[in-house]
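So the structure is just underneath, and the comments pick up after that.
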Amino acid sequence: MSTPVRVAVTGAAGQIGYALVFRIASGQMFGPDTPVHLQMLEITPALGALEGVAMELDDCAFPLLAGMTLTDDAEEAFEGTNVACLVGAKPRGPGMERADLLKDNGRIFTAQGRALAAAAADDLKVAVVGNPANTNALIAAANAEGVPTDRFTAMVRLDENRAKTQLARKAGVSVAEVTNLAVWGNHSPTMVPDVDNARIGGRPVTEVITDRGWLEGEYLTTVQQRGKAVIDARGASSAASAANALIDHVAAWCGGQPTPEGDWVSMAVPSDGSYGVPEGLVSGFPVTTDGAGAYRVVEGLELSPFAQEKLQATVAELEEERDAVAEML
Ligand code: NAX
């Protein structure tokens with residue numbers, strides 16, 4: 001057996017954490033031959049609940065679970081961390097302004113960025129889920145001195161998975177037939193699922209689904225509002241599907257599951273200026289991954305004027321978020 005991968009999970013006693021850590025410990029993130037050490041961070045009042053999660057992990061007798069750390073200290077949680085899943089965040093309370101949410105979470109991600117720089121392994125990779133995920137990743141990267149910025153990513157994979165299923169359902173095919181589906185921009189209702197370059201059974205989506213009105217109307221809205229629809233139905237936000245998407249995100253990036261030849265996946269990564277997205281913004285892009293820690297933004301895709309306009313709007317929102325937390329960058 002190889003050396004365990006040290007995986008930090010923040011907010012490990014929360015909804016997503018509870019749906020996530022068992023899957024990591026069972027081998028679904030790094031494969032059936034890679035042991036893991038789970039380093040779980042919670043706020044002090046949630047440490048009791050975290051103990052309970054750890055008891056259940058024990059009770060699963062996972063052969064790949066090499067060890068666990070339970071702590072409310074970020075540096076302890078990030079000691080030697082290879083992969084950090086930053087899930088914990090402060091939820092938006094009643095009457096809370098978006099700017100306040102940005103600032104409150106900004107403080108969490110400033111501290112966690114610093115703690116990662118101080119304690120994590122040299123090959124650290126970070127996937128941010130806690131919202132506002134793109135801007136939290138930007139803040140963590142800015143505060144992690146000495147860690148290359150491109151190691152900080154945010155999750156838009158849930159949006160990709162949602163977008164694929166809606167297309168598959170409309171076309172009456174298996175979701176496995178839907179490929180090359182990028183989600184551009186912010187993980188927010190302004191996100192842009194890219195039907196111009198996606199494929200169904202190897203053919204352009206627009207050839208298989210010729211109803212452009214549906215693609216630009218009901219489809220787009222359904223994907224963008226899916227998080228709210230789940231909250232309305234379940235009385236709680238997406239958790240199992242978010243954990244599943246994070247497994248997909250990390251497994252493709254560095255868990256031995258490279259992007260299949262000719263396909264791509266969606267990750268929010270620091271922009272190098274491609275596609276008119278200002279350099280440095282953490283934005284959803286189509287990327288290819290090698291499963292061993294490298295990713296590349298796919299070059300040369302063309303977007304329709306409709307999609308370009310939508311991309312500009314989601315990028316403008318990212319710029320606004322960045323400006324609201326300027327003092328933390
Ligand atoms: P929960 O409120 O169930 O869990 C969050 C956990 O984080 C709690 O246990 C809390 O004690 C902990 N926490 C808070 N501050 C912390 C800190 N400073 N350090 C460590 N732990 C801390 O929320 P959950 O449903 O699990 O969602 C977690 C985050 O994911 C939220 O910000 C949510 O908005 C975001 N989401 C992001 C998605 C994405 O696609 N990027 C989709 C799902 C989800 O909405």
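The values are calculated or read from the model by the stated rules, or taken from the named source; none is laboratory data. Everything numeric here is computed off the predicted structure, so don't read it as measured data. Note that each Cβ is placed from the backbone with ideal geometry, even for glycine, and that neighbours are counted across all protein chains shown. Protein only, heavy atoms only, side chains kept; ligands, DNA and RNA dropped before computing areas. Shrake-Rupley method; radii C 1.70, N 1.55, O 1.52, S 1.80 Å.
Per residue, the convex hull spanned by the alpha carbons of the stretch 221-296 comes to 119 Å³. Whole-Hz Karplus values for the stretch 113-130 come out as x, 5, 5, 5, 4, 6, 10, 6, 6, 5, 9, 3, 10, 10, 10, 9, 10, x Hz, taken residue by residue from phi with 6.51 cos²θ - 1.76 cosθ + 1.60 and θ = phi - 60°; glycine and proline positions read x. Could you please state how large a percent of the accessible area of the chain is carbon and sulfur, counting protein chains only and using a 1.4 Å probe? On the chain, the fraction of accessible area on carbon and sulfur atoms equals 50 percent. Return P(r) of the chain (all Cα-Cα pairs; 20 Å bins starting at 0; whole %; ordered from short to long distances). Each 20 Å bin holds this share of Cα pairs: 33, 59, 8.
Just how far, in whole angstrom, is the stretch 1-39 from the stretch 98-126 if you go by their alpha carbon centroids? For the stretch 98-126 versus the stretch 1-39, the Cα centre distance is 20 Å. If you average 1/r over every pair of different alpha-carbon atoms in the stretch 1-50 and take one over that average, what Kirkwood value in Å do you get? 11.3 Å is the Kirkwood radius here.
Accessible area per residue for the stretch 270-310, computed on protein heavy atoms with a 1.4 Å probe, is 50 Å². Amide H to amide H, with H built 1.01 Å from N, LYS125 comes under 5 Å of VAL83, ALA84, counting only residues 5 or more places away or on other chains. Orientation-averaged projection of the stretch 5-154 equals 8.3 nm² [convex hull of Cα atoms, one quarter of hull surface area].
Normalising by residue count, the stretch 157-324 has a Cα convex hull of 120 Å³ per residue.
Restricting the GluC sites (Glu not before Pro) of the stretch 22-123 to loop positions (DSSP other than H, G, I, E, B) with no more than 16 neighbouring Cβ atoms within 10 Å leaves GLU97. Solvent-accessible surface of the stretch 16-101, averaged per residue with a 1.4 angstrom probe and all protein chains in place: 46 square angstrom. Computed from point charges on the beta carbon alone (+1 for Lys and Arg, -1 for Asp and Glu), the dipole magnitude for the chain about its Cα centre is near 720 Debye. In this structure the amide hydrogen of GLY293, modeled in the peptide plane, comes within under 5 Å of the amide hydrogens of CYS254, none closer than 5 places in sequence on its chain.
Taking the Cα centre of the stretch 1-129 as reference, the dipole from Cβ charges on Lys and Arg (+1) and Asp and Glu (-1) amounts to some 540 debye.
Over the chain, Cα pairs under 8 Å with separation of 6+ residues give a relative contact order of 17 percent.
What fraction of the DSSP beta bridges in the chain is antiparallel, stated in percent and rounded to the nearest 5?
45 percent
Think of the stretch 15-133 as a dipole: +1 on every Lys or Arg Cβ, -1 on every Asp or Glu Cβ, centred on the Cα centre; then among ILE108, ALA118, GLN39, ILE108 lies furthest on the positive end.
Give a quick list of chymotrypsin sites (Phe, Trp or Tyr not before Pro) in the stretch 270-329 that DSSP marks as loop, anything other than H, G, I, E or B, with at most 12 other Cβ atoms within 10 Å.
none
Positive end of the charge dipole of the chain (Lys, Arg +1 and Asp, Glu -1 on Cβ, about the Cα centre): tell me which of ALA198, THR153, VAL287 has its Cα farthest that way. Checking the options against the dipole of the chain, the answer is ALA198. Between the C-alpha center of the stretch 262-304 and that of the stretch 139-184 there is a gap of 10 Å. Summing Lys and Arg as +1 and Asp and Glu as -1 over all other residues whose Cβ lies under 15 Å from the Cβ of GLN308 gives a net charge of -4. Under a 5 Å amide H cut-off, with hydrogens placed 1.01 Å from N, ALA12 pairs with LEU41 among residues at least 5 apart or on other chains. Run the count for the chain, please: Lys pairs, Cα-Cα under 30 angstrom, 8 or more apart or on different chains. For the chain, the number of qualifying lysine pairs is 16.
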